[in-house]
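Down below is the structure, laid out as structure tokens.
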Amino acid sequence: MKNGIEDLVIFGGYPAFDDKLHVGRPNIGNRQRFLDLMDDMLDRRWFSNDGPYVKEFEKKIAEYLGVKNCIVMCNGTIALEIAIRALELKGEVIVPSFTFIATAHSLQWQEITPVFCDIDHRTHHLDPKTIEKMITPRTSGILGLHTWGRPCAIEALSDLAQKHNLKLLFDAAHAFGCSYNGRMIGNFGSAEVFSFHATKFFNTFEGGAVVTNNDDLAKKMRLMKNFGFAGYDNVIYIGTNGKMNEASAAMGLTNLESLDEFIAVNRRNYECYRSCLAGIPGITLLKHDDGEKHNYQYIILEIDEDEAGLSRDELQKVLWAENILARRYFYPGCHRMEPYRSYFPHANLLLPVTEEVAKRVMVLPTGSTIDPQSIETICQIVQLTVENGKDIKKHLMSDDL
Ligand code: T4K
């Protein structure tokens, strides 16, 4: 408990936490269950190439999402690349810049130009009104993103895709366990791609999946993730190595059994942040639609510098000094990173909302390693900092901390 700003580390106090609090600390299900699966895997000596755990994991995910096909892969980025190639996207694809760099790279890696489109300031999703202006004769698709797990404007994007004869793919890296109009994310567009990276609330160490209700597309992606092999000595398609290994699938099977628990903990943490941050001027917590399923894996704040008295970056400095490692996802936006910064030096002019949002957003720690007491402490520090925003700003500027 900090009694005044003199207790903050930036003024010479002790850190609120001895150990660093991370955004993205992995959740781990029943440890013994995982170790038992590992024992069986070692006895069986079957480690990869469509092993029994991978098959069972794919079946369970497809059932959980109510989708016809699930193809698990070694990570979300390769899964995106394979989905993009299987859909035969080319030329230009419309995509948000306010995303993790993998979304843009998965296109550029295949020499497809990501055309960055602005977002809606409330939802942080692709703004359907802006998309139409970005469509050219070279546009072959839209790559939408369910940012923070909240479903993007699925219907508007589908209408636009249909109207302009474009393919529609969703980067659903954040949205495992979320629904839209009561239907699980995974059922929309031509296909949707999940990430099961260690930092996601549901992880397979590294991993990802493409899900689709299109059987032909699924068949093609299965070939592509296995070099194009259609049987021994028979390659019928260009492919790569996108296979998930058995240890990752075992982690996935273990964690699926604890999925509801992970979500319940995230929800408890979200509610705790919601009540503790209420009423702090200039601090807005992004809300989730209580009528839909949600994984609550990201705690997203927007900081209004005028109201809070200090900027997002200044608040982050205060928190880091206290060992609260808040993150600035997705600063500064893909368009300000290479190679896109060099390719499109004036992209910022078309992305005013992206620029603004990237300066305001901060993501706070949650997950099973964070308890309500820690959240109360984090929020108390945010409150204390905002109450003294002007003095802290002056101090940070003078000390250049
Ligand atoms: N599309 C979107 C929209 C995405 O957000 C992502 C991934 C992808 C596509 C691509 O999917 P993958 O190919 O990754 O499956 C992290 C993750 O590495 C990345 O997967 C994720 N998005 C992104 C949002 O976050 P960083 O650069 O923040 O990672 P890092 O190493 O700083 O880790 C974050 C925090 O988690 C750290 O404070 C430490 C902690 N951590 C991390 C790892 C790996 C742990 O405590 N244990 C761990 O094992 O990108």
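Looking across segment 102-154 at every residue that is assigned to a strand (DSSP E or B) and more than 20 Å from ALA175 (Cα to Cα), the one that is nearest to the ligand (Cβ to nearest atom) is identified as PRO114.
Of all residues in segment 356-374, those that are out of contact with any Ser or Thr (no Cβ under 8 Å at 6 or more places or on another chain) and part of a helix (DSSP H, G or I) total 7. Screening SER368 with (1) more than 16 Å from the ligand (Cβ to nearest atom); (2) of a type in the set (Gly, Ala, Ser); (3) closer than 30 Å to PHE176 by Cα gives one miss only, at (1). Regarding PHE176, is this residue in contact (Cβ under 8 Å) with a residue 12 or more places away in the chain, in a strand (DSSP E or B) and either within 30 Å of ASP289 (Cα to Cα) or away from the ligand (no atom under 16 Å from the Cβ) (or both)? Against the criterion (in contact (Cβ under 8 Å) with a residue 12 or more places away in the chain, in a strand (DSSP E or B) and either within 30 Å of ASP289 (Cα to Cα) or away from the ligand (no atom under 16 Å from the Cβ) (or both)), PHE176 does not qualify.
The single residue among HIS346, HIS335 that is in contact with a Ser or Thr (Cβ under 6 Å, 6 or more places away or on another chain) and of a type outside the set (A, V, I, L, M) turns out to be HIS335. Looking only at segment 27-42, decide whether some residue is closer than 23 Å to THR147 by Cα, within 13 Å of the ligand (Cβ to nearest atom) and not hydroxyl-bearing (Ser, Thr, Tyr). Yes; the residues of segment 27-42 include at least one that is closer than 23 Å to THR147 by Cα, within 13 Å of the ligand (Cβ to nearest atom) and not hydroxyl-bearing (Ser, Thr, Tyr). Across segment 269-280, a minimum of one residue is classified as farther than 30 Å from GLU88 by Cα and of a type in the set (Lys, Arg).
Within segment 167-215, the residues that satisfy the criterion of being among the hydrophobic types (A, V, I, L, M, F, W, C) and surrounded by fewer than 19 Cβ atoms within 10 Å (Cβ to Cβ) are ALA198, PHE205. When each of ASN213, ASN187, ASN165 is tested for being under 14 Å from LEU65 (Cα atoms), over 22 Å from the mean Cα position of the chain (by Cα), more than 14 Å from the ligand (Cβ to nearest atom) and of a type outside the set (D, E, K, R), the lone residue that passes is ASN213.
Each reported figure results from applying straightforward, stated rules to the coordinates on display, with no laboratory input. Everything numeric in this text was worked out from a predicted model, so none of it was measured. So basically every Cβ, Gly included, is an ideal-geometry build from the backbone, and we count neighbours across all protein chains shown.
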